[in-house]
Each structure stands twice: as structure tokens, then as C-alpha cells.
Amino acid sequence: MSFHDLIVDPFSFGFMQRGLFSALLLSLSGGLLGSILVLRRLALMGDALSHSLLPGIAVAWLLFGTNTLALFVGALVAGLLTALGSALVSRLTRIKEDAAFGSLFTIFFAAGVALLSRLPARVNLEHFLFGSVLGVSASGLRLAAFSSAVTLVVFVVGRRSILLETFDPVFLRATGGRGPIVHAGLLALTVLNLVAAMQTMGVVLALGLFLLPAVTAYLWCDHFALLLVFAVALAAACSFAGIVLSYHSGVASGASIVLCLGIVFIASALFSPRHGAAARLVEFIRERHSVHRSAD
Amino acid sequence: MNSAPNILRFRDVTVRYGRQPALQDVTLDIPCGSLTAVLGPNGAGKSTFLRACLGWLPLTRGEIRIGDAHPQHALPRLAYLPQRHAVDWDFPITVRGVVEQGRYPALRLWQRFSDRDRALVDRALAELGLTDLADRQISQLSGGQQQRIFLARALAQGADIFLLDEPFTGLDLLAVEELTRIFRSWEARGRTVLAAVHDLDIARRAFGRAVLLATSVVAEGPIESVLTEANIDLAFRRGKGARDDPLRMARTAEFPE
């Protein structure tokens with residue numbers, strides 16, 4: 001198989017181009033947002049949000065059928081409701097935010113499953129659950145472009161507030177900043193991008209495109225800006241590789257992208273020179289060795 | 001030196017959390033250019049006192065003024081330093097990166113770092129002896145050096161009133177001495193330090209003035225006149241502690257062989 005067959009051929013199809021563009025756009029916003037989620041220790045909250053989109057999709061399907069726009073709006077509303085509801089529950093009751101998210105998303109997910117089991121046909125919904133490059137419609141691509149652009153603008157304009165709210169929210173507040181608005185904005189962006197990633201990646205796997213590049217970058221980078229750039233570049237590279245792989249092997253695109261990212265992550269976790277497991281193990285053994293020496 | 005615009009004034013300040021008073025009828029002046037330790041037992045209102053200075057808490061009654069301004073209008077002059085354990089030391093950021101944050105509040109959204117901003121950051125790093133460490137990731141520094149990063153950020157911010165929450169916690173002896181030296185040199189430059197401290201011995205060595213709190217003010221003024229046995233007793237044992245109860249003293253002072 002020549003280079004041409006491997007890399008160029010797949011993209012002679014319109015749907016492949018759409019899938020690739022969509023994945024690259026989402027890599028940009030996903031890499032940025034994922035880095036912040038990881039640094040703010042909100043990785044699992046992203047997972048909760050992605051599951052909570054389901055009832056929105058199901059309700060939209062029941063009301064409007066295959067209308068893509070309705071599905072997007074439904075998912076968006078469900079995600080924002082979960083985020084808002086958790087924020088309210090954690091402010092108004094004794095429950096902490098992580099527990100509030102955990103509770104609300106399971107309720108939403110259960111409602112989604114209940115509604116889905118009432119649906120007559122589920123074939124087309126599989127695209128939304130597991131993702132497919134074939135499934136990226138023109139409106140899906142437009143949504144990806146929109147959410148990616150909004151995310152980029154927010155990060156460029158609000159970069160300092162985002163850094164402060166992530167690193168030291170108390171300092172942001174003490175200098176007159178508005179931390180809760182930054183927090184709410186980041187949650188809303190996460191929901192928007194999860195919805196946009198539904199077609200290419202699937203509801204559940206979309207988070208992989210956000211988190212895996214970020215945690216991998218976290219194993220390599222000691223600079224904030226470098227971490228963001230590294231995460232975006234890695235997400236884009238693995239999206240491309242994953243889509244090519246998906247074309248040739250017939251594996252679902254979301255899964256193949258996440259698997260590519262997963263391989264890089266596992267390799268990094270093992271062999272990253274400073275923060276990886278191997279480096280730390282060597283250091284530990286060397287230290288113990290030197291202690292034994294000095295004891296003798 | 002102690003002219004009117006340089007005084008932190010508390011008048012009748014009362015703060016309640018729910019119905020529980022955290023600060024009660026606090027009336028005092030803190031002259032700027034002084035080192036003041038805020039002392040008292042747990043729950044005496046030390047943190048509340050600092051937060052009230054920042055204008056974070058709705059005052060149930062009374063007024064706080066910095067010079068002629070309300071705290072909200074004096075924010076650039078105020079720097080609040082977090083407790084050391086509240087910081088994520090694994091965060092991918094260098095020493096310089098943290099100190100640069102001190103300039104952020106002064107910058108508009110679209111503004112970039114100017115030469116003046118960079119000069120202020122360099123000067124703050126130099127003053128606290130961090131210039132050579134500026135490009136290190138923040139976990140690669142010792143406890144005392146880490147504390148200095150945040151002092152440098154406050155300097156870069158252009159603050160002259162420093163509110164610190166337990167700055168000495170977790171520092172070794174050498175770092176405590178170093179921090180004390182820094183505070184003394186700041187005092188000489190007319191800067192104001194207001195720090196919640198729980199260790200009375202450290203407070204005696206490092207600070208010239210003190211406010212002793214037990215929800216209301218037990219005593220305030222020069223630290224030696226504040227930290228008398230009677231006042232400590234009153235603040236920490238509500239005046240009915242070990243001294244009045246010989247039995248209890250025997251129980252706590254003697255350990256089984």
C-alpha cells in the first residue's frame with residue numbers, strides 16, 4: 001500500500017473530509033478545555049456531563065425525529081441543566097459539588113436510558129452514542145467550527161482569568177476578579193464542545209479527545225502555555241491518525257482516535273523522562289541504594 | 001509617616017455567619033508601615049478579620065476604611081497571600097509565571113505585557129532573591145523559597161498592605177528567620193504586614209504589634225503589652241482555664257511514667 005493509498009485516498013470522499021475537519025476543530029477546543037479540566041481536577045465531572053446529554057438527545061428524538069439541530073439543542077439543554085443543577089445543589093444544600101454532579105448525572109442518564117428503551121428504532125442514534133465519521137453532517141461540521149471558534153476566542157481573551165481561576169482562585173477574587181463567572185463559562189464551553197463532538201466521537205468517547213491529550217501533556221510540560229499547545233497538537237495528530245486508521249480498518253472513528261491517544265498516553269505515563277513511572281522508579285531505587293551504601 | 005491616608009481603621013465591625021458572631025464590635029487602628037500579628041485561638045476570627053479587610057464579607061455592622069477609601073477601592077494596594085498547603089505545587093508553571101500573575105489585575109483583557117510590567121516582575125524577583133530560580137517549576141523549590149514566590153507576586157502587584165494567612169506554618173527554623181528578616185526590611189520601607197499567626201513565640205520574635213482576638217478584641221497595641229499572661233489567659237482559656245482549676249492543670253500537666 002503506497003503513501004497515496006494510505007493517507008491521501010481516504011480524503012477524496014466528502015464525508016471523510018468533513019469528519020477530518022470536524023475532528024481537527026474539536027482537537028483545538030478539546031485540547032484547551034481538557035487541559036483546564038485536568039488542572040482543575042474536574043476530569044470526572046466532564047465524564048458526568050457527557051453522560052447527562054443522553055436524555056436531551058432522546059427527548060429531541062421523540063419530539064422531532066431525525067432533525068440534527070434538534071438533537072444538538074436537546075443535548076445542550078440537558079448538559080447545561082446538569083451543570084446548573086449541580087451548582088445550585090452544592091450552593092443551596094450541604095452536598096459538595098462532586099457529589100452533586102455524581103447524583104444528577106446518574107438521574108439524567110437513567111432518564112435517557114428509560115426514554116431510549118421506548119424508542120421504536122435505535123439504529124441512527126448509535127452514531128451519537130459511539131460516533132462515526134460517516135455521520136458528520138454539514139450542520140455537525142458547522143457546530144464544530146462554531147464551538148471551536150468560541151472556545152478559542154474565550155481562551156485568548158480570558159487567558160489570564162482562566163489561569164488565575166485554575167491556579168489560585170483566592171488571588172483572583174482578592175484582586176477583584178470574578179471566579180464563579182470563569183467557572184460557569186468553562187462548564188458551559190465543556191457542554192458545548194461535548195455536544196459538538198457527539199457525531200464524530202460519540203457522547204461517551206468525546207471526553208477522551210479532551211482529557212487524554214491533556215493528561216499526556218501534563219506528563220511532559222512544566223509551562224502552562226506549552227501544556228496547552230502540546231495538548232492541542234497531540235489531539236490533532238491523533239485525530240488524523242485515528243481517522244485514517246478508522247477508514248482502513250472499519251473501526252468506529254471515535255474509538256480509533258481515543259485508542260491512538262491512549263497508546264501515546266500509556267507510553268508517556270511509563271517513559272516520560274521526569275514525571276513517568278519508569279523515571280520515578282529508577283530514582284526511588286537509586287535513592288534506596290545510596291541509603292544502603294551510606295548505612296554500610 | 002502615620003498620616004491619615006495610611007491607616008487601616010476598624011469601627012464597630014461585627015461579622016456574623018448565620019447567627020454566630022465571628023467578629024464582635026472590633027474598633028481599632030492599624031498604622032501603616034507596621035508589622036501586626038493577628039493572634040487568637042482557633043475560631044477566634046483571625047481569618048474573618050483578614051477577609052473583612054479585603055471587603056469579602058458583608059459587615060453586619062460597622063465600617064472598615066483604608067485611608068479614606070473602602071476596601072473595594074483600595075484592592076491594588078492589598079495583597080492576600082494564601083496558605084502554602086492551598087497551592088497545587090505540581091501545577092505546570094514557573095516561578096516567573098507566578099510572579100507575573102501579580103501584574104494581571106492591572107492589565108486590560110487585550111493588553112499585552114509591557115516593558116514596565118516586565119521590569120516590575122524582575123525587580124520583585126530580585127528583591128526576594130529568586131532571580132536565579134525564576135525559570136524553575138514551582139515544586140522544585142524549598143518551603144521558604146515557595147513562600148517567597150507569593151511575596152514576590154504581591155510586590156509585583158504593587159501592593160503595600162500585605163494580608164497573610166498563617167505564613168509561618170510548615171516552615172523550618174531557617175525559613176522562619178528568613179521570612180522574619182524580609183518582614184523587618186518591609187517595615188523599614190513603610191510597608192504594612194498583617195498576618196494571622198497561631199504560634200505566639202514566632203509572633204513575639206517577628207512582629208512589633210499585635211491584635212489579640214477572641215471574637216472581640218482582647219487587646220491590641222505593641223506586642224509585649226498585648227501578650228501578657230492575663231490577656232493570653234483571657235483569649236485562649238476564656239479566663240477560666242488551667243490557672244483557675246488546679247485539678248485540670250494536674251490532669252494535663254502530668255504524664256504517666
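Which of these, A:Ile285, A:Ile95, A:Ile263, has the largest mean-square fluctuation under a Gaussian network model of chain A (Cα springs below 10 Å)?
Ranking A:Ile285, A:Ile95, A:Ile263 by mean-square fluctuation puts A:Ile285 first.
In whole angstrom, how far apart do the alpha carbon centroids of region A:128-188 and region B:101-147 sit?
Centre-to-centre distance over Cα atoms comes out at 27 Å.
Test of understanding: in a Gaussian network model of chain A with alpha carbons linked when under 10 Å, which of A:His183, A:His51, A:His248 would top the mean-square fluctuation ranking?
Highest fluctuation of the listed residues: A:His248.
On the principal axes of its Cα set, how long, how wide and how thick is region A:192-258? Give whole Å, largest value first.
Projected onto its principal axes, the Cα set of region A:192-258 covers 38, 26, 13 Å.
List A:Met198, A:Met16 from most exposed to least, where exposure is judged by having the fewest other Cβ atoms within 10 Å.
On the way: A:Met198 30, A:Met16 20.
Fewest-to-most Cβ neighbours within 10 Å comes out as A:Met16, A:Met198.
With no other cysteine's Cβ closer than 4.7 Å, which Cys residues of the protein assembly as shown count as lacking a disulfide-compatible partner?
Lone cysteines by the Cβ rule: A:Cys221, B:Cys32, B:Cys53.
Determine the shape class of chain A: with a ≥ b ≥ c the square roots of the Cα gyration tensor eigenvalues, call it rounded for a/c under 1.5, and otherwise prolate if a/b is greater than b/c, oblate otherwise.
Values: a/c = 1.80, a/b = 1.21, b/c = 1.48.
Oblate shape, in that a/c is at least 1.5 and b/c is the bigger or equal ratio.
Calculated from DSSP H runs of 4 or more alone, at -39500 (n - 2.57) each and per residue, what is the 222 nm mean residue ellipticity of chain B, nearest 500? List each step's numbers first, then the result.
Working: 9 runs with 84 residues, N = 257.
Computed mean residue ellipticity for chain B: -9500 deg cm²/dmol.
Test of understanding: in a Gaussian network model of chain A with alpha carbons linked when under 10 Å, which of A:Ala231, A:Ala269, A:Ala144 would top the mean-square fluctuation ranking?
Comparing A:Ala231, A:Ala269, A:Ala144 in the GNM, the peak value goes to A:Ala269.
Report the net charge of residues surrounding A:Asp168, where surrounding means a beta-carbon distance below 10 angstrom and charges are Lys +1, Arg +1, Asp -1, Glu -1. Write out the running numbers ahead of the final one.
On the way: positive: A:Arg173, B:Arg153; negative: A:Glu165, B:Asp88.
Neighbourhood net charge equals 0.
Can you classify region B:37-160 as rounded, prolate or oblate using the Cα gyration tensor, where a ≥ b ≥ c are the square roots of its eigenvalues, rounded means a/c under 1.5, and otherwise it's prolate if a/b beats b/c and oblate if not?
Details: a/c = 2.35, a/b = 1.41, b/c = 1.67.
It comes out oblate by the Cα gyration axes.
Angle check, please: helix B:143-156 long axis (alpha carbons) against the longest principal axis of chain B (alpha carbons), in degrees 0 to 90, nearest 10.
It works out to around 60 degrees.
What three numbers, in Å, describe the spread of the alpha carbons of the protein assembly as shown along their principal axes, ordered from the longest?
Principal-axis extents of the Cα atoms in the protein assembly as shown, largest first: 85, 61, 60 Å.
Can you show me the helix-derived [θ] at 222 nm for chain A, built from DSSP H runs with n ≥ 4 at -39,500 (n - 2.57) apiece and divided by the number of residues, rounded to the nearest 500. Let's see the in-between values first.
Values: 15 runs with 233 residues, N = 296.
Computed mean residue ellipticity for chain A: -26000 deg cm²/dmol.
Per residue, how big is the convex hull of chain B when only Cα atoms are used? Give it in Å³.
167 Å³
With a ≥ b ≥ c the root eigenvalues of the C-alpha gyration tensor of region A:1-54, is it rounded (a/c under 1.5), prolate (a/b larger than b/c) or oblate?
Numbers: a/c = 3.49, a/b = 2.41, b/c = 1.44.
Verdict is prolate for region A:1-54.
Among the helices of chain A (complete DSSP H runs), which have Cα atoms covering no less than 18 Å along the helix axis and a Kyte-Doolittle mean of at least 0.5?
Working: long enough: A:14-39 (37 Å, 1.50); A:68-92 (36 Å, 1.84); A:97-117 (30 Å, 1.44); A:138-157 (28 Å, 1.86); A:179-196 (26 Å, 1.76); A:206-218 (19 Å, 1.82); A:224-249 (37 Å, 2.01); A:253-271 (27 Å, 2.29); A:277-295 (27 Å, -0.33).
The answer, listed by residue number, is A:14-39, A:68-92, A:97-117, A:138-157, A:179-196, A:206-218, A:224-249, A:253-271.
Please state the relative contact order of region A:1-109 as a whole percent: Cα pairs under 8 Å, 6+ residues apart? Walk me through the intermediate numbers first.
Values: 85 pairs, mean separation 27.0, N = 109.
Relative contact order here is 25 percent.
Can you tally the net charge around B:Leu213? Count Lys and Arg as +1, Asp and Glu as -1, for every other residue whose Cβ sits under 10 Å from the Cβ of B:Leu213. List each step's numbers first, then the result.
On the way: positive: B:Lys46; negative: B:Glu220.
Summing Lys/Arg as +1 and Asp/Glu as -1 gives 0.
Each value in this text was obtained by applying a stated rule to the coordinates, not by laboratory testing. All figures in this text were calculated on a predicted structure; none of them were measured in a lab. Counting neighbours? That spans all protein chains shown, and the Cβs are built from the backbone with ideal geometry, glycine included.
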